[in-house]
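**Q** Structure below; questions to follow.
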C-alpha cells in the first residue's frame with residue numbers, strides 16, 4: 001500500500017447553526033464529492049478538514065461562498081480494516097523519523113478498507129515508505 005499526497009482544505013467556521021451545512025451545500029452545488037471530513041471545535045473558531053475529489057474546483061466553490069480556507073498537504077492511505085493496522089503504520093512512520101501531527105479515519109463495520117488522512121512532519125519521507133498491504 002502506498003501513501004498518496006493530496007490536498008486537504010481546512011475551512012474556518014464560525015460558531016453558529018448551519019455553518020457546516022452551508023459549506024457542504026456550496027460543495028454539493030459544485031457537484032463535488034467529499035472523500036473525508038473532520039470538524040473540530042476551538043474556543044474562537046471551528047475548523048472543517050476536507051479531502052475532496054477535485055480540490056481545485058472545491059477552492060473555487062469555497063471562494064464563491066465566501067468561506068475562508070487554507071490548503072494543507074496530507075497523505076491518504078487505503079487501510080485494511082484489521083486489528084493492529086494503524087499501529088503498524090504509525091510504527092513504520094516513527095521508525096522513518098516521520099511524526100504524525102494528526103490523522104482522521106473511520107470505517108463502516110463489515111467493510112474491508114478505510115481511508116486514513118495523515119498530516120505528517122515530512123511528506124517526502126512518508127511517501128517513500130512501503131507500507132505492506134496486509
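Read-outs: derived from the displayed coordinates by stated rules, not from any lab. Here the structure is a predicted model, which means the values were calculated and not measured. For neighbour counting, all protein chains shown are included, and Cβ atoms are generated from backbone atoms with ideal geometry for every residue, glycine included.
**Q** Looking at residue 18, is it surrounded by fewer than 19 Cβ atoms within 10 Å (Cβ to Cβ), farther than 21 Å from residue 120 by Cα and free of Cβ contacts under 8 Å to residues at least 24 places away in the same chain?
**A** Working: surrounded by fewer than 19 Cβ atoms within 10 Å (Cβ to Cβ): yes; farther than 21 Å from residue 120 by Cα: yes; free of Cβ contacts under 8 Å to residues at least 24 places away in the same chain: yes.
It is true that residue 18 is surrounded by fewer than 19 Cβ atoms within 10 Å (Cβ to Cβ), farther than 21 Å from residue 120 by Cα and free of Cβ contacts under 8 Å to residues at least 24 places away in the same chain.
**Q** Taking into account only those residues within the range 86-110 that are free of Cβ contacts under 8 Å to residues at least 24 places away in the same chain and assigned to a strand (DSSP E or B), which is nearest to residue 51 (Cα to Cα)? Give the steps one after another, and end with the answer.
**A** Just the residues of the range 86-110 that are free of Cβ contacts under 8 Å to residues at least 24 places away in the same chain, to begin with: 87, 90-91, 94-95, 99-103, 106, 108-110.
Imposing the further condition that a residue be assigned to a strand (DSSP E or B) reduces the set to 100-103.
Values: 100: 17, 101: 17, 102: 14, 103: 12 Å.
If we take residues in the range 86-110 being free of Cβ contacts under 8 Å to residues at least 24 places away in the same chain and assigned to a strand (DSSP E or B), then 103 is nearest to residue 51 (Cα to Cα).
**Q** Continuing with this model, one more query. In the range 1-15, how many residues are over 15 Å from the mean Cα position of the chain (by Cα) and either surrounded by fewer than 14 Cβ atoms within 10 Å (Cβ to Cβ) or free of Cβ contacts under 8 Å to residues at least 12 places away in the same chain (or both)?
**A** Final tally of qualifying residues: 3.
**Q** Before we move on, is residue 67 in contact with a helix residue (DSSP H, G or I) (Cβ under 8 Å, 6 or more places away or on another chain), surrounded by 15 or more Cβ atoms within 10 Å (Cβ to Cβ), in a loop (DSSP other than H, G, I, E, B) and touching a residue at least 40 places away in the same chain (Cβ under 8 Å)?
**A** On the way: in contact with a helix residue (DSSP H, G or I) (Cβ under 8 Å, 6 or more places away or on another chain): yes; surrounded by 15 or more Cβ atoms within 10 Å (Cβ to Cβ): yes; in a loop (DSSP other than H, G, I, E, B): yes; touching a residue at least 40 places away in the same chain (Cβ under 8 Å): yes.
Spelling it out, residue 67 is indeed in contact with a helix residue (DSSP H, G or I) (Cβ under 8 Å, 6 or more places away or on another chain), surrounded by 15 or more Cβ atoms within 10 Å (Cβ to Cβ), in a loop (DSSP other than H, G, I, E, B) and touching a residue at least 40 places away in the same chain (Cβ under 8 Å).
**Q** On to the next question. For the range 120-132, what are the residues that are outside any helix (DSSP H, G or I), out of contact with any helix residue (DSSP H, G or I) (no Cβ under 8 Å at 6 or more places or on another chain) and surrounded by 11 or more Cβ atoms within 10 Å (Cβ to Cβ)? Give the steps one after another, and end with the answer.
**A** At the first step, the residues of the range 120-132 found to be outside any helix (DSSP H, G or I) are 120-122, 129-132.
Okay, now just the ones that are also out of contact with any helix residue (DSSP H, G or I) (no Cβ under 8 Å at 6 or more places or on another chain), so 121-122, 130.
Passing the criteria: 121, 122.
**Q** Let me ask another. Considering only residues of the range 28-55 that are free of Cβ contacts under 8 Å to residues at least 24 places away in the same chain and in contact with a strand residue (DSSP E or B) (Cβ under 7 Å, 6 or more places away or on another chain), which is nearest to residue 105 (Cα to Cα)?
**A** Of everything passing the filter in the range 28-55, 37 is nearest to residue 105 (Cα to Cα).
**Q** Just wondering, is there one or more residues in the range 106-119 that are closer than 23 Å to residue 3 by Cβ, in contact with a strand residue (DSSP E or B) (Cβ under 7 Å, 6 or more places away or on another chain) and exposed (fewer than 12 other Cβ atoms within 10 Å of the Cβ)? Don't jump to the end; show me each part of the working.
**A** Pass one, the range 106-119, residues closer than 23 Å to residue 3 by Cβ: 106-108, 111-119.
Retained after the next criterion (residues that are in contact with a strand residue (DSSP E or B) (Cβ under 7 Å, 6 or more places away or on another chain)): 106-107, 112-119.
Checking the rest, the ones that are also exposed (fewer than 12 other Cβ atoms within 10 Å of the Cβ) come to 106, 112.
Yes; the residues of the range 106-119 include at least one that is closer than 23 Å to residue 3 by Cβ, in contact with a strand residue (DSSP E or B) (Cβ under 7 Å, 6 or more places away or on another chain) and exposed (fewer than 12 other Cβ atoms within 10 Å of the Cβ).
**Q** Now for a different question. If a residue has to be under 16 Å from the mean Cα position of the chain (by Cα), buried (at least 16 other Cβ atoms within 10 Å of the Cβ) and not in a strand (DSSP E or B) to count, how many in the range 28-45 make the cut?
**A** Residues flagged as under 16 Å from the mean Cα position of the chain (by Cα), buried (at least 16 other Cβ atoms within 10 Å of the Cβ) and not in a strand (DSSP E or B) within the range 28-45 amount to 1.
**Q** Do the conditions hold for residue 58, that is, is it without any contact (Cβ under 8 Å) to a residue 60 or more places away in the chain and touching a helix residue (DSSP H, G or I) at 6+ places or on another chain (Cβ under 8 Å)? Break it down stepwise before answering.
**A** Details: without any contact (Cβ under 8 Å) to a residue 60 or more places away in the chain: yes; touching a helix residue (DSSP H, G or I) at 6+ places or on another chain (Cβ under 8 Å): yes.
Yes.
**Q** Okay, moving on. Looking at (1) out of contact with any helix residue (DSSP H, G or I) (no Cβ under 6 Å at 6 or more places or on another chain); (2) closer than 15 Å to residue 3 by Cβ; (3) assigned to a loop (DSSP other than H, G, I, E, B), find the lone condition where residue 83 falls short.
**A** (2)
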